1. Under the condition of being under 12 Å from the mean Cα position of the chain (by Cα) and part of a helix (DSSP H, G or I), which residue from the range 135-167 is surrounded by the fewest Cβ atoms within 10 Å (Cβ to Cβ)?
2. For the range 56-134, which helices (runs of 4 or more DSSP H) that fit wholly inside it have 2 or more residues that are free of Cβ contacts under 8 Å to residues at least 12 places away in the same chain and surrounded by fewer than 21 Cβ atoms within 10 Å (Cβ to Cβ)?
3. Give all pairs with beta carbons closer than 6 Å in which a residue from the range 21-33 that is farther than 15 Å from Trp187 by Cβ and outside any helix (DSSP H, G or I) meets a residue that is at pLDDT below 95 and among the hydrophobic types (A, V, I, L, M, F, W, C); count only pairs at least 6 apart in sequence or on separate chains.
4. Grab the helices (runs of 4 or more DSSP H) fully contained in the range 168-265, keeping just those with 2 or more residues being loosely packed, with under 12 Cβ neighbours inside 10 Å.
Amino acid sequence: MASKKSTRLSALFAPKEVGLNRDTNLIKLVAMLSMLIDHTGKMFFPRYQIMRIIGRLAFPLFAYCIAVGCVYSKNRLKYLTRILAVGLISQPFYAVALGHTVPAMYAIRFVDNPVGAAINFYVQSWAVPNIMYTLALGLMAVWSLREGQYVCTAALALYVWKAQHTINYGWQGVVLIVLFYLTIRYWWVSLPVMTGYMVWWGLHGSSYRMFGVSFGLQMFAILALPLVYIPTWSKLKVNKWVYYLFYPAHLIGIMLIQFAMALGK
C-alpha cells in the first residue's frame, strides 16, 4: 500500500516528461521581448498601456520555463545558483532602473564613506526584490517536492506567505510555477487548472472592465498560455547565458538611457 502511495506521489511530484510545448528557446525569447517592452513602457511611455499589457506575458512564460527546467535539469543546484547569481548582480540596477529606490539606500553619503555607502546602497536595494528572487523561490519549492522534502516545502510556503508583500508577484507567482510543474505532463489537466488560476488571479483588481466584469492588469497574463500549450518547432539554438545576462543588461540599458535623458535636460 505504501509502495503504491509512493509511486503516485513520485508520478505527481517527479514527472520525467513534459507534455506541453517544449520549445523553451522560443518561449524564453518571447518572454524577454515582452519584459523589455513592459519595462520600457513603464519608464518611458507610461501613457501607452498596451506596453504594460504585452508585458504581462513575461512572467507566466518564465514561470513555465522554470517548471520545464526542473524536469530536465541534470543539476538543479547549478540551475538555482545561476538564477540566484543573476538576481544578486541585477538587484541594484533593478531598483534604480525601474524606480524602486528607497530613501534608506542613500542614508550614507558616498563622499563620507564610499565603501559603507556602496554596501548600504546594495543591501537597502533589496526592499523590493527583483523577479529572479521569485523564480528562485518557485524553483526551490518544486525541488523540495521533487525530492520528497515536504518539511522544506512547508517551511518555504510559510516564508512565502509571510513575505508575500515584498516578493515580486507575491505568493501567487510562486504558486504559478508550482502549478505549471505539477500539471506539466498532461495538457488536458494543465490547461483548465492554469486558466482557472490565472483568471482568478486576474480578477483581483479593478483597472479594467469588460462585459460587466472588473479585473486587473494581471488578467492579460492569460494571453501567454497559447505559447505554452500549442507545440512549436522553431529549432532555435541560443546559448543559455544569453537568457541569464539579458536581465541585468536590459536594466543597465534602461538606467543609462535615464541618466542620459537627465543630463540632457
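1. Taking the range 135-167 as the starting set, the residues that turn out to be under 12 Å from the mean Cα position of the chain (by Cα) are 135-139, 167.
Imposing the further condition that a residue be part of a helix (DSSP H, G or I) reduces the set to 135-139.
On the way: Leu135: 26, Ala136: 21, Leu137: 24, Gly138: 28, Leu139: 24.
Among them, the one singled out is Ala136.
2. On the way: elements: 58-72, 76-97, 114-124.
Qualifying helices (runs of 4 or more DSSP H): 76-97, 114-124.
3. Between residues of the range 21-33 that are farther than 15 Å from Trp187 by Cβ and outside any helix (DSSP H, G or I) and residues that are at pLDDT below 95 and among the hydrophobic types (A, V, I, L, M, F, W, C), there is no close pair.
4. Values: elements: 170-182, 187-202, 225-229, 240-264.
Per the criteria, 187-202, 240-264.
The values are calculated or read from the model by the stated rules, or taken from the named source; none is laboratory data. Note that the structure is a prediction, hence the values are computed from the model and not measured. Cβ coordinates were reconstructed from backbone atoms using ideal geometry, including for glycine residues, and neighbour counts include every protein chain displayed.
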